[in-house]
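Structure first, commentary second.
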Amino acid sequence: MKRIAIAIDRVDWHARRLHAAFLALDMAPFFVSLRAVAFTPEGVRFPGLEGLPDAVFVRAIAAGSFEEVTRRLGVLHALPALGVAVWNAAQAIERCVDKSMTAFLLATAGIPTPETWTVEGREAAVAVVTEAATEMVLKPLFGAQGRGLQRIRVPADLPPPEAVAGVYHLQRFVPPASHDGFCDYRLLMCRGEVVAAMTRRSAEWVTNLHRGARPTAFAPTPEMMALAARAAAAVGADYAGVDLIGAADGRVMVLEVNSMPGWRGLQSVTEGSIAAILARRLVA
């Protein structure tokens, strides 16, 4: 039996479903926190395991100091050199965790995405907002689930540096394409194909499900599927949650790419098991 490590920080809804999906494929899955995986003179050691797993599915990396997180990512960097398949690879995770790098890679690949500036210091941020002369969204450089987002209309709206760890990640605000509220699209991609998709609608401008947005089933257009596939490829992700938004002029743009996406909301509007699809494709 192939041994599949599911990297987690806690055994949550997603972890349990992945575990069951790998079991159904006659694999031998087990949970592990990357904080417990060590570098030793003999190589990389997993707790309680003789040798190495055949593959690692990275569901989550526990928060920690800069040194702790760097070491955990180092483990993920080392494993492929030892013959262990890792989804997603450390490089893809690093690219997606850092929103400025994601935005850079999307723009460099010619993928339509809202204009983005990332600068250090409030003075530099004031200059960006003043020169751009348009409404912006300030996002935490490292963040998820819609936390910490702010709309910036004028320079005075910018928070002090200590509120953003000194880094201002600013993205041009995309107004809603219609008058019936705010909406965007989440496509879960795996190896270039759409696994599931949903529309997220909200009366508020933050369309995250954790902030009260409503998920509905959605059949993406060929243009959307191709755009999401290009976005996942740009960051080097084997599987990814790609967020798209439609602009008032009809264009579709990529907002973000998540290399450790949750899919509980997607599962609520999707037939069949998403975890089973991801497990099958990793095993394949």
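With neighbour counts taken as other beta-carbon atoms within 10 Å, the residues W13, W205 rank, fewest first, as W13, W205.
When the alpha-carbon atoms of the chain are used, the pair Rg, Dmax equals 19.6, 62 angstrom.
Around the Cα centre of the chain, unit charges on the Cβ atoms of Lys, Arg, Asp and Glu (plus for the first two, minus for the last two) sum to a dipole of about 680 debye. One quarter of the convex hull surface built on the alpha carbon atoms of segment 3-87 amounts to 5.5 nm², the projected area averaged over directions.
In segment 3-87, the DSSP beta bridges split such that about 20 percent are antiparallel, to the nearest 5.
Axis angle, to the nearest 10 degrees, between helix 13-24 and the longest C-alpha principal axis of the chain: 40 degrees. Cα extents for segment 228-284 along the principal axes, largest to smallest and rounded to whole angstrom: 40, 27, 15.
By other beta-carbon atoms within 10 Å, ranking V75, V11 with the fewest at the front produces V11, V75. Taking the Cα atoms only, what angle lies between the long axis of helix 122-132 and the longest principal axis of the chain, rounded to 10 degrees? Value to nearest ten degrees: 60.
Computed log10 I(q)/I(0) for segment 176-283 at 0.09, 0.12, 0.23 Å⁻¹: -0.21, -0.38, -1.34, from the Debye equation with unit scatterers placed on every C-alpha and solvent omitted.
Peptides 39-47, 266-274 ranked from most to least packed by the mean count of surrounding Cβ atoms within 10 Å: 266-274, 39-47. When only alpha carbons are used to place a centre, segment 210-284 and segment 155-188 end up 19 Å from one another. Taking Cα atoms only, the orientation of helix 222-235 departs from the longest principal axis of the chain by about 70 degrees. Here the relative contact order of the chain, from alpha carbon pairs under 8 Å that lie six or more residues apart, stands at 18 percent. Dipole magnitude for segment 213-257: computed about the Cα centre from +1 point charges on Lys and Arg Cβ and -1 point charges on Asp and Glu Cβ, it is near 80 debye. Once divided by 2.2 N^0.38 Å, the Cα radius of gyration of segment 116-172 becomes 0.98.
Summarising the strand pairing of the chain, around 75 percent of its internal DSSP beta bridges are antiparallel.
Every number in this text was worked out from the coordinates using simple rules, so none of it is lab data. Nothing here was measured: the structure is a model prediction, and the numbers come from that model. Ideal geometry is used to build each Cβ from the backbone, glycine not excepted, and the neighbour counts take in all protein chains shown.
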